[in-house]
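I have placed the structure first, in the form of structure tokens, so that the comments after it can refer back to it.
The values are calculated or read from the model by the stated rules, or taken from the named source; none is laboratory data. Predicted, not measured: the structure shown is a model, and the values here were computed from it. A quick note on method: Cβ atoms are made from the backbone with ideal geometry, for glycine too, and the neighbour counts reach across all protein chains shown. Keep in mind that these areas ignore ligands, DNA and RNA; they rest on the heavy atoms of the full protein, side chains included. Shrake-Rupley method; radii C 1.70, N 1.55, O 1.52, S 1.80 Å.
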Amino acid sequence: PPTRTTKMCLTYPNLTGDLAAQGLEKFKRALQNTGLLDYLDSTDSLFTVFAPINRAWQGAYLKLLHPENNSTLHDAMQYHIVRGYDICKIETHICKIDRSLTTYFSGAHYSINFCDNTHLKTKLGKDLVVTRKTFLPSSSDAIYVDNAQVIRYNVVARNGVIHLIDRVLLPSGAS
């Protein structure tokens, strides 16, 4: 007799729920202070978010969280968000080093290649530049987004993916 197969689906939290689960309280607070937390929750779009770990908010970056710096903070937080649609188009690039990050959203397959010198358009409208650095003698690779190293990849959420970085990103011209 025929057997019935049930396709199992994993339920992921949304991006903002994942921020708390990953211990990214300061980044989540920055998004909340600028209204971008609600933006990420209120849209049906997919996003890639480059989220600075809590340790990245030390020193001068901590001052960004003060109310008098809200305009600079708003620009900086938009600089951490890339619409998923733009990210997905990167899969047509060919990398010399064949290592891609793969994520799954609602049954659709999106491949994110962090090729050297890839440009990603942020919500702010400015480009982030992805670079790969190889460290000798181990030949290990590190991926950087502007000047921040990606330290954890592919934290999958219902409406996107989060990559943890070791620095707060500031667009050119920000103080």
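Annotations
- Considering residues of segment 143-173 that are open to solvent by 40 Å² or more (accessible area, probe 1.4 Å) and not in a strand (DSSP E or B) only, the residue modelled with the lowest pLDDT: Gly173
- Counting the residues of segment 147-172 that are small (Gly, Ala, Ser) and within 9 Å of the chain's Cα centre (by Cα) gives 1.
- Residues (at pLDDT below 85, more than 21 Å from Gly84 (Cβ to Cβ) and not aliphatic (A, V, I, L, M)) located in segment 1-40: Pro1, Pro2, Thr3, Arg4, Thr5, Thr6, Lys7
- Selected residue [modelled with pLDDT of 50 or more and surrounded by 18 or more Cβ atoms within 10 Å (Cβ to Cβ)] from Ile81, Ile87: Ile81
- Filter pass, Asp38 being more than 15 Å from the chain's Cα centre (by Cα) and either within 25 Å of Gln149 (Cβ to Cβ) or surrounded by fewer than 16 Cβ atoms within 10 Å (Cβ to Cβ) (or both): yes
- Single residue of segment 41-62 satisfying the filter (part of a helix (DSSP H, G or I) and at pLDDT below 90) that is farthest from Ala20 (Cα to Cα): Ala60
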